[in-house]
Amino acid sequence: MTVAREPGFPYEFECKRSGNCCAIPGGFVRVTDAERCAIAAHLNLSEIAFASRYLQPDGVHLKEGFGNRCTFLQDGAHAGCGIYPVRPHKCREWPFWPEILTDDRLQQLVQRTCPGIRAIDEGS
Ligand code: SF4
């Protein structure tokens with residue numbers, strides 16, 4: 001695993017496979033039309049079948065499983081994503097979402113949630 005940094009963020013990130021980012025209370029994953037097609041194809045499902053099994057009634061958010069877990073989270077000592085090659089953009093961008101830069105509470109929540117985040121020392 002490589003350590004990632006993005007301009008403006010006060011931390012760096014190296015995934016520890018906790019799965020915590022896929023089980024944030026109140027969190028949700030929105031999928032675009034293109035992502036919905038790609039995930040359905042990856043699962044060898046029609047779009048209608050995919051939507052009925054894995055999307056909320058609004059048709060754009062993934063269903064949640066037990067305990068706020070994403071329906072595709074494969075939990076365990078080394079958690080993983082069941083659709084990793086076609087996971088949504090929002091998941092790929094973790095923990096460097098633009099809205100984090102303007103929302104202190106969200107930034108604190110993200111930093112508490114993810115064991116792969118480490119504050120960057122000034123001057124490093
Ligand atoms: S789609 Fe995969 S990466 Fe995204 S929240 Fe669900 S399990 Fe996590």
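For the range 37-124, GluC sites (Glu not before Pro) are listed when DSSP marks them as loop and at most 15 other Cβ atoms sit within 10 Å of their Cβ; the list is E122.
Working note: 222 nm ellipticity from helices only, DSSP H runs with n ≥ 4, each -39,500 (n - 2.57), summed and divided by the residues of the chain, gives -7000 deg cm²/dmol to the nearest 500.
Note on the range 75-104 and the range 1-71: Cα centroid distance 7 Å, given to the nearest whole angstrom. Each other residue within a Cβ distance under 15 Å of A51 adds +1 if Lys or Arg and -1 if Asp or Glu, for a net charge of 0.
Relative to the current alpha-carbon distance between Q74 and T2, full extension at 0.36 nm per residue lengthens the span by 23.8 nm. Placing a label point 7 Å from the Cα of N20 along the Cα-to-Cβ direction, the residues of the range 53-72 with a backbone N closer than 18 Å are 67-70. Shape annotation for the range 1-94: C-alpha extents along the principal axes are 41, 27, 23 Å, from largest to smallest. Whole-Hz Karplus values for the range 50-63 come out as 4, 4, 5, 8, 10, 9, 5, x, 6, x, 10, 10, 5, 5 Hz, taken residue by residue from phi with 6.51 cos²θ - 1.76 cosθ + 1.60 and θ = phi - 60°; glycine and proline positions read x. Taking the chain as a whole, which cysteines find no other cysteine Cβ under 4.7 angstrom from their Cβ? For the chain, the answer is C15, C21, C37, C81, C91, C114, because their Cβ atoms have no other cysteine Cβ under 4.7 Å.
We did not get these values from a lab; they are worked out from the coordinates using the rules stated. These numbers come from a predicted model, not from an experiment. Ideal geometry is used to build each Cβ from the backbone, glycine not excepted, and the neighbour counts take in all protein chains shown.
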